[in-house]
Amino acid sequence: MTPIETNDSKGSMSIEQTCREHGAPPFSTLVLHGGPGAAGSAHGLARDVHQLLDGSGGVLEPYSRALSLDEQLSGLSLLIKEHCRGPVPLVGHSFGAMLGLVLTAREPQRVSRLILVGSGVFEDRYAELIMQTRLSRLSPSEQEEARLLLKRIAEAGATDLDLSRFGCLMSLADGFDLIEGTDSPTHCDLAVFQAVWPEMAALRTSGKLLGLASQVQCPVLAVHGLYDSHPIKGVCEPLSRTVKDFRCTGLEKCGHEPWRERMARDRFLAILRQELAPA
């Protein structure tokens with residue numbers, strides 16, 4: 001396992017790092033990025049979580065770059081075991097929310113509570129209109145570019161830059177009123193995306209993802225923007241049927257990344273502060 005390295009004062013990211021530290025050990029909270037293959041994209045969220053903790057513990061922001069779901073889960077489990085003080089609150093964004101739920105189900109001793117931020121949906125029927133919604137929010141030229149990139153990403157010869165540009169367009173479509181300059185330095189890894197997302201999608205299609213959700217023992221909170229192209233109903237309806245201790249909060253005038261949203265940021269941070277406050 002590569003040693004943990006501390007980010008520099010500018011918040012830059014080395015792609016050799018296993019994770020970014022926010023604060024000093026022992027670490028008390030994990031924040032998982034989306035993607036898969038979008039290491040660093042949760043930097044702003046992790047920084048905010050650390051500030052909310054106000055000295056009560058450091059935060060780890062892992063970079064999940066393994067080329068299989070099992071390897072990513074094993075890496076996160078080892079990270080918690082080696083660098084955290086007991087089971088931790090886990091905050092996951094987008095794909096990271098889904099990944100966090102699977103980890104919590106498989107290894108309940110590692111996670112004390114789970115917060116899903118802008119999670120991906122948990123049943124295929126809710127996923128069918130996501131891309132249509134996104135494209136409808138883009139200009140005609142952006143729509144054409146997004147369709148070309150989506151096609152290219154599925155083919156041989158695509159690059160990390162293709163995935164990065166596609167991610168920028170999707171972030172634009174997913175945002176309600178984003179605060180300028182709040183995007184995070186992200187290393188997009190197409191190989192990770194192409195290897196890991198089909199595994200998660202297969203879990204969802206088979207129903208095994210919801211089966212894992214039914215095994216989660218700790219409290220789970222979903223915080224979801226009502227403007228998010230991933231419909232809140234696709235997160236809260238399935239999980240309310242399967243997770244024993246589940247709550248869902250919708251945020252008005254808020255898209256996929258609540259910590260970046262001008263109209264919802266303060267309410268979002270207040271919710272996180274309350275949820276992460278030491279018992």
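Taking trypsin sites (Lys or Arg not before Pro) as exposed when their DSSP state is a loop state and no more than 14 other Cβ atoms lie within 10 Å, the longest site-free interval of the chain runs over 86-243. Segment 81-119 and segment 179-198 have Cα centres spaced 19 Å apart. Please build a GNM for the chain, connecting alpha carbons under 10 Å apart, and tell me which residue among GLY118, GLY55, GLY225 fluctuates the most. Comparing GLY118, GLY55, GLY225 in a Gaussian network model of the chain, the most mobile one is GLY55. Among GLN72, GLN217, GLN143, the largest mean-square fluctuation in a Gaussian network model of the chain, built with springs joining Cα atoms closer than 10 Å, belongs to GLN143. Applying the criteria of a DSSP loop state and at most 15 other Cβ atoms within 10 Å to the GluC sites (Glu not before Pro) of segment 212-279 yields GLU252.
At a Cβ-Cβ separation cutoff of 4.7 angstrom, cysteine residues of the chain with no neighbouring cysteine are CYS19, CYS84, CYS168, CYS188, CYS218, CYS254.
Antiparallel beta bridges, as assigned by DSSP with both residues in the chain, represent about 20 percent of the total such bridges. In a Gaussian network model over the chain where Cα atoms closer than 10 Å are linked, find which of ALA46, ALA158, ALA222 has the largest mean-square fluctuation. Evaluated over the chain, the most mobile residue of the options is ALA158. For segment 206-279, the gyration tensor built on C-alpha atoms gives an oblate shape. Its axis ratio a/c (a ≥ b ≥ c) is at least 1.5, and a/b is not larger than b/c.
Each other residue within a Cβ distance under 15 Å of PRO89 adds +1 if Lys or Arg and -1 if Asp or Glu, for a net charge of -1. Measuring from a point 7 Å past the Cα of ALA154 along Cα-to-C-beta, which residues in segment 188-214 have an amide N at less than 19 Å? Residues passing the 19 Å test: 190-206.
PRO238 sits among other residues whose Cβ lies under 12 Å from its own Cβ, and their net charge, with Lys and Arg +1 and Asp and Glu -1, is +1. Charged neighbours of ILE130, selected by a Cβ distance under 14 Å, balance to 0 (K, R count +1; D, E count -1).
Shape analysis of segment 86-245 places it in the prolate category; the axes a ≥ b ≥ c from the Cα gyration tensor give an a/c of at least 1.5, with a/b above b/c. Extension gain, GLU252 to SER68, is 62.7 nm, computed as 0.36 nm per intervening residue step minus the present C-alpha separation.
Listed by number, the DSSP H helices of the chain that run 18 Å or longer by alpha-carbon position along their axis and have mean Kyte hydropathy of at least -1.0 are 69-83, 140-153, 160-174, 190-206.
With the helix formula -39500 (n - 2.57) applied to DSSP H stretches of n ≥ 4, the chain reaches a computed 222 nm mean residue ellipticity of -13500 deg cm²/dmol.
Summed over all non-identical Cα pairs, the Kirkwood treatment of the chain gives a radius of 18.7 Å.
Read-outs throughout are calculated quantities, based only on the coordinates presented, and are distinct from any laboratory measurement. Everything quoted here is computed from the prediction, not taken from an experiment. Positions of Cβ are generated from backbone atoms using ideal geometry, with glycine treated the same way; all protein chains shown enter the neighbour counts.
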